[in-house]
Each structure stands twice: as structure tokens, then as C-alpha cells.
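Data block below; observations after.
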Amino acid sequence: MRILALAALLTVAGGGPYSARAEGASYEGPSVAPAPGRSGGGGKIKWRTHKGYDGALTEARESGKPLMLYFTADF
Amino acid sequence: MVKASESLIRVLVDNKGGEEIFDKHKVERMPTILFLDPDGKKVDEFVGVKPPEELEPLLKSVTEKFGRKPRFHKEYDQALDRAKAESKPLALFFFDAKQASVDYAKALDDKSLEELFEKIVFVKVEVKKDSAEAKRYGVTAPPVIVVANPTSEKPESNPIRKVYGKKAAKDIKRDLEEALKRFKP
């Protein structure tokens, strides 16, 4: 299942590893949709890791910004 | 698309370390993207991969539908400009790292205060040695909320009210409501 998911991601995302720079923590990994690294131009999407989840909820509430949670496999 | 994504708070949750978050949101398939409103309520989701050209309009749509004005501003000038533009009082929440400030912030998070965040523009100001706003408003002992009139020439010179710490949410609410009544734009 995990292998299939990975294969599907790489196929759609065009293959090859991507990296995502997280805010407050680091994440390096292969592509994940919406594909950190396959951003449609203008640089890479920056992500927090799960460790920043609680802080993200607080920041969303205070800043008025919605949240986007991206659930993926740890490759 | 990167710019569109910046209007949302973004969290990458992997299945090694982030299991609790998977469980909390009942996510069983990967990849899954969940969109939550600023209060943490799920508003949309999709499973699978979307190319950037499809994802970008979705990000914009979620931001437009569910984004709202900040509950707390981080920048004083930005908050002052908004308070002036909307003819609302400006409340500066001066805090530091001590427990009293943590307790005060917790009291401010009480649901009974929710509607006051619509009527007053709040800004958080961390009190440090070089904090210009703390000096300007003469604050040396946080936590305190200083309610000011943003339309006056020097909002700091004649605050509407100062609401000091160690108060329950209901007392803070009462004091802020009094400040609202005294506010004349």
C-alpha cells in the first residue's frame, strides 16, 4: 500500500526527490502532493512538521488563517 | 502556488511521529489533505494528488471562504492602522514569558470574550528591554491590556483603560466592555 502510494506520487509529481523546508523544524523527503518542490513556480512551499501542530492551531486562531494539513507516509 | 499557500498555516504530518494527529482527524489514506478553519474545524479534504494548477484555486477558495481577520495582530503599526480604519479601540496586550502572562493569555482565550475580538483590535506586544511600545505606553509590569483610542494624536498619552493581570475572564470582559462604552472615535 505504502509502496503503491509512493509510486503514484512520484508518477504524478514527475519523479525525483523533493525537499520541503519546514518552519521551525526541518523536513527532507521525497515528493508529496501538493508536492513540496513541485509548486508551480515561485519556490517551494514551506511546511511545519507534526511537531509544530499545536503551535499551528494557536497561530491559525490568532492570525485568522485557515490550516492545511498534509498527511503523508514517512519515506 | 507558493504565494497562495502562504495564506494558510501549513503542516506536514507523516505517519511516523504524527500518528496521534492521523487518529485525531481519522485519516486512513495517504496522501490526504485536510483544510481546517482558523478555529480548527474541518472544512474540506481530498485524498490523492492534485497538480499545482488545480490546487492553487482550491487554496485561494479556502482562504477566501474561511480566512478571517487576525484575532491578535503581531505588528503595532498594522493594528493601529486597522483600528483607525474600522473606528475601533486598540487593545495592546503586553506580556512576557512569566506564568502570570501565560495565565492572562489563557483567560483571554475564553469563549465568552469572543465577540469583543470583533469590536476591539488587539495586538500582542512582548515586553523586552528595548520594546518601543512598552516604553511609549509606560508599561513595566506585564501582563496588562492597555486600551487606547487610535484616532487620538497620541494614543499612548491618554489610554481609555488599563486592565491588569490576575483576573478571571468575566472580569476582563467587564473591564473591556466598559472601555468600549467610553471609546469615542
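Listed by first and then second residue, the pairs linking a residue in region A:64-75 that is at the interface with chain B (Cβ under 7 Å from one of its Cβ atoms) to a residue that is assigned to a loop (DSSP other than H, G, I, E, B) and among the basic types (Lys, Arg), with Cβ atoms under 6 Å apart and 6 or more places separating them unless they lie on different chains, are A:Gly64/B:Arg68; A:Gly64/B:Lys69; A:Asp74/B:Lys16.
Per the conditions (1) open to solvent by 10 Å² or more (accessible area, probe 1.4 Å); (2) among the polar types (S, T, N, Q); (3) more than 20 Å from B:Leu180 (Cβ to Cβ), the sole criterion not satisfied by B:Ser87 is (3). For region B:24-32, the criterion of being of a type in the set (S, T, N, Q) and part of a strand (DSSP E or B) is met by at least one residue. Evaluated against (1) open to solvent by 80 Å² or more (accessible area, probe 1.4 Å); (2) within 18 Å of B:Ala134 (Cβ to Cβ); (3) among the polar types (S, T, N, Q), B:Gln99 falls short on exactly one condition, (2). Can you find a residue that is in contact with a His (Cβ under 7 Å, 6 or more places away or on another chain) and either outside any strand (DSSP E or B) or modelled with pLDDT of 95 or more (or both) anywhere in region B:85-102? No: zero hits. If you go through region B:167-179 one residue at a time, do you hit one that is touching a residue at least 60 places away in the same chain (Cβ under 8 Å), closer than 21 Å to A:Leu57 by Cβ and assigned to a helix (DSSP H, G or I)? Taking every residue of region B:167-179 in turn, at least one turns out to be touching a residue at least 60 places away in the same chain (Cβ under 8 Å), closer than 21 Å to A:Leu57 by Cβ and assigned to a helix (DSSP H, G or I).
Taking region B:124-139 as the range and being assigned to a loop (DSSP other than H, G, I, E, B), of a type outside the set (Gly, Ala, Ser), modelled with pLDDT of 90 or more and out of contact with any helix residue (DSSP H, G or I) (no Cβ under 7 Å at 6 or more places or on another chain) as the test, the residues that pass are B:Tyr137, B:Val139.
If I ask for residues that are under 16 Å from A:Ala56 (Cα atoms) and either surrounded by 16 or more Cβ atoms within 10 Å (Cβ to Cβ) or of a type in the set (Val, Ile, Thr) (or both), which ones from region B:12-24 would you list?
Here is the first cut: in region B:12-24, the residues under 16 Å from A:Ala56 (Cα atoms) are B:12-14, B:18, B:20-22, B:24.
Residues satisfying the conditions are B:Leu12, B:Val13, B:Asp14, B:Gly18, B:Ile21, B:Phe22.
In the condition set (1) closer than 30 Å to B:Pro143 by Cβ; (2) open to solvent by 60 Å² or more (accessible area, probe 1.4 Å), B:Glu45 is compliant with all but (1). In region B:150-166, what count of residues is obtained for those that are part of a loop (DSSP other than H, G, I, E, B), under 16 Å from B:Leu113 (Cα atoms) and among the aliphatic types (A, V, I, L, M)? Total satisfying the criteria: 0.
For region B:12-47, the set of residues classified as within 7 Å of chain A (Cβ to nearest Cβ) and closer than 11 Å to A:Thr72 by Cα consists of B:Leu12, B:Val13, B:Asp14, B:Asn15, B:Lys16, B:Gly18, B:Phe22, B:Val27, B:Met30, B:Pro31, B:Thr32, B:Ile33, listed by residue number.
Go through region B:1-11 and give me each residue that's within 7 Å of chain A (Cβ to nearest Cβ), open to solvent by less than 30 Å² (accessible area, probe 1.4 Å) and in a helix (DSSP H, G or I).
Quick first cut of region B:1-11, residues within 7 Å of chain A (Cβ to nearest Cβ) only: B:1-3, B:5, B:7-11.
If we keep only those that are open to solvent by less than 30 Å² (accessible area, probe 1.4 Å) as well, we get B:1-2, B:5, B:8-11.
Of everything in region B:1-11, those that are within 7 Å of chain A (Cβ to nearest Cβ), open to solvent by less than 30 Å² (accessible area, probe 1.4 Å) and in a helix (DSSP H, G or I) turn out to be B:Val2, B:Ser5.
What do you reckon, is B:Ala105 crowded, with 19+ Cβ neighbours inside 10 Å, modelled with pLDDT under 95 and part of a helix (DSSP H, G or I)? When the stated conditions are applied, B:Ala105 does not pass them.
Screening B:Leu55 with (1) under 14 Å from B:Ala4 (Cα atoms); (2) at pLDDT 90 or above gives one miss only, at (2).
The values are calculated or read from the model by the stated rules, or taken from the named source; none is laboratory data. Given the structure is predicted, the values throughout are model-derived calculations rather than measurements. Every residue, glycine among them, receives a Cβ derived from its backbone with ideal geometry; neighbour counts consider all protein chains shown. For the accessible areas, the whole protein counts, side chains as well, though only heavy atoms, and no ligand, DNA or RNA atoms are used. Shrake-Rupley method; radii C 1.70, N 1.55, O 1.52, S 1.80 Å.
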